[in-house]
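The structure appears below as structure tokens.
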Amino acid sequence: MREVSHPFHKALLARTSTALMSLLCKRFYQEAGLSPGKEFCRKTVNKYMGRSTPAGIDSKKGIVSTDVLINNVPTRVYKPTDSEEHRMERSILINYHGGGYCIGSPFSHQTDMLSKLLASTLNVAVVSPSYSLAPEKAFPAAVEDAFNPVSWLSSKESLRTLDSSFSRQRVSIMGDSAGGNLALVIGTLIRDDLAADLKPRNDLYQAKNNSLDVRLSSLLLFYPLVEPEMHLLDENEELDEASTESKILPRNVMKFFASSYLPAGEHDNMIALLQCNPICIGIRDDARRDRRVNILGSSLLLEDLPPTLIVTAGKDILLPENLKLASRLKQSRVVLHHLHYPDYQHGWISFVGHEKEELLEEINLLIHGTNHRL
């Protein structure tokens, strides 16, 4: 693990930005009903997060974005404007937005700006998909939608938007928070050549004679949500301690996200299982073995994954499970890059005033190798 710190004046700007975000988030959580026992209001969520940026050409960043429907799920694709003249193969990055499985969009101002930054700085194509949100649609709807970009890149239909200069053999998957969970789950499915429903992909794609081989080259996980079911417990010393400085993502909001995402009616059963045996993670006897929920349930699930970057924040309620994931990846002999920002809060990648240069360089080296520096 490598800690990243910044000069005083930059750290002061970051703290000021975080304080403002904390106040905004607190008001947002209250008005939207993002807490157990409160009435959730999608209308309020859309009011706060409804600002969207239209697709098109961003001449300052040299990026063109296009909106496409993949299996009827809206997705935005970004690529450098010089892609048609580019002769060398370039990488593809799938980026899943965060939001506790309940909020967020690839078209929001924050996600759009991040995707443009990644595409322009790294000289890659970025595929930014939407996915079904809870509580209206619980697990596994988000996972099933999140797999759409993989099946799309596997099809020749995707060549209309991303030509062959963008290599399907060099696909990286990235996500923050809940999006990091989806990135990790989808990464294991690609490794095992499985579809979102855990059935062999061969049956769906390769039999159609209209397929392209997709190869996963790296995973980029920003403060990922690893164990959503653990946040249902009322008492958890590890989470209680981590939540004391977690201003952006408080304990009650995280509990709302987890209870909304996991299947309704199973929470009491799952809590009973966890209290009886905290090591045994799952929501019921059958779902306990569902790898799309229980990502840490077996060390085999993490073996043979590609080089992985984990980015953690010191003042984040998800830090304990992030450190647990990092440890398990090391035990599984995965090539692991771990950047830790001890003074940052959950979600900092979208905050103004937070330094990203070192992070972008780390991502660049992971995607392109040591011979390609920014």
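Using the structure shown, decide if Ser52 is modelled with pLDDT under 90, among the polar types (S, T, N, Q), surrounded by fewer than 17 Cβ atoms within 10 Å (Cβ to Cβ) and under 22 Å from the mean Cα position of the chain (by Cα). Break it down into steps so the answer makes sense when it comes.
Details: modelled with pLDDT under 90: yes; among the polar types (S, T, N, Q): yes; surrounded by fewer than 17 Cβ atoms within 10 Å (Cβ to Cβ): yes; under 22 Å from the mean Cα position of the chain (by Cα): yes.
The answer is yes for Ser52.
Within segment 306-318, which residues are touching a helix residue (DSSP H, G or I) at 6+ places or on another chain (Cβ under 6 Å) and over 21 Å from Leu360 (Cα atoms)?
Ile317
For Asp145, state whether it is among the acidic types (Asp, Glu), under 25 Å from Trp348 (Cβ atoms) and part of a helix (DSSP H, G or I).
Answer is no for this residue.
So which residues in segment 125-142 are over 13 Å from the mean Cα position of the chain (by Cα), small (Gly, Ala, Ser), outside any helix (DSSP H, G or I) and within 12 Å of Val73 (Cβ to Cβ), if there are any at all?
Ser132
Right, Leu69: over 30 Å from Arg291 (Cβ atoms) and hydrophobic (A, V, I, L, M, F, W, C) or not? Spell out how you get there, then give the answer.
On the way: over 30 Å from Arg291 (Cβ atoms): no; hydrophobic (A, V, I, L, M, F, W, C): yes.
No.
Any idea which of Thr66, Thr111, Thr121 is of a type in the set (Ser, Thr, Tyr), open to solvent by 40 Å² or more (accessible area, probe 1.4 Å) and touching a strand residue (DSSP E or B) at 6+ places or on another chain (Cβ under 9 Å)? Before the answer, list the steps.
Working: Thr111 fails: open to solvent by 40 Å² or more (accessible area, probe 1.4 Å); Thr121 fails: touching a strand residue (DSSP E or B) at 6+ places or on another chain (Cβ under 9 Å).
After ruling out the rest, the residue left standing is Thr66.
Do any strands (runs of 3 or more DSSP E) lying entirely in segment 54-124 carry at least 2 residues that are free of Cβ contacts under 8 Å to residues at least 12 places away in the same chain and of a type in the set (Phe, Trp, Tyr), and which ones are they? Steps first, please.
Details: elements: 63-70, 73-80, 90-96.
Strands (runs of 3 or more DSSP E) meeting the threshold: none at all.
Scan segment 315-338 residue by residue and report those that are open to solvent by 40 Å² or more (accessible area, probe 1.4 Å) and closer than 24 Å to Ala19 by Cβ.
Lys315
Picking from Asn364, Asn371, Asn322, which residue would you name as being of a type outside the set (Lys, Arg), modelled with pLDDT of 95 or more and either over 17 Å from the mean Cα position of the chain (by Cα) or part of a helix (DSSP H, G or I) (or both)? Lay out the reasoning, then the answer.
Numbers: Asn364 fails: modelled with pLDDT of 95 or more; Asn371 fails: modelled with pLDDT of 95 or more.
Of the residues listed, the single one that is of a type outside the set (Lys, Arg), modelled with pLDDT of 95 or more and either over 17 Å from the mean Cα position of the chain (by Cα) or part of a helix (DSSP H, G or I) (or both) is Asn322.
If you take the residues in segment 305-314 that are within 17 Å of the chain's Cα centre (by Cα) and more than 20 Å from Thr111 (Cα to Cα), which one is surrounded by the fewest Cβ atoms within 10 Å (Cβ to Cβ)?
As a first pass, look at segment 305-314 and keep what is within 17 Å of the chain's Cα centre (by Cα): 305-313.
Imposing the further condition that a residue be more than 20 Å from Thr111 (Cα to Cα) reduces the set to 305-308.
Working: Leu305: 21, Pro306: 18, Pro307: 16, Thr308: 24.
Here the answer is Pro307.
Kindly establish whether Val185 is modelled with pLDDT of 90 or more and not in a helix (DSSP H, G or I).
In short, no.
Please specify each residue of segment 298-336 satisfying the condition of being more than 25 Å from Ile248 (Cβ to Cβ) and of a type in the set (Ser, Thr, Tyr).
If the condition is that a residue be more than 25 Å from Ile248 (Cβ to Cβ) and of a type in the set (Ser, Thr, Tyr), then Ser298, Ser299, Ser332 are the ones that fit.
The values are calculated or read from the model by the stated rules, or taken from the named source; none is laboratory data. Please read all numbers here as calculations on a predicted model, not as lab measurements. Neighbour counts are summed over all protein chains in view; Cβ atoms, including those assigned to glycine, are modelled from backbone coordinates with ideal geometry. Areas reflect the complete protein model, heavy atoms only, side chains present, ligands, DNA and RNA absent. Shrake-Rupley method; radii C 1.70, N 1.55, O 1.52, S 1.80 Å.
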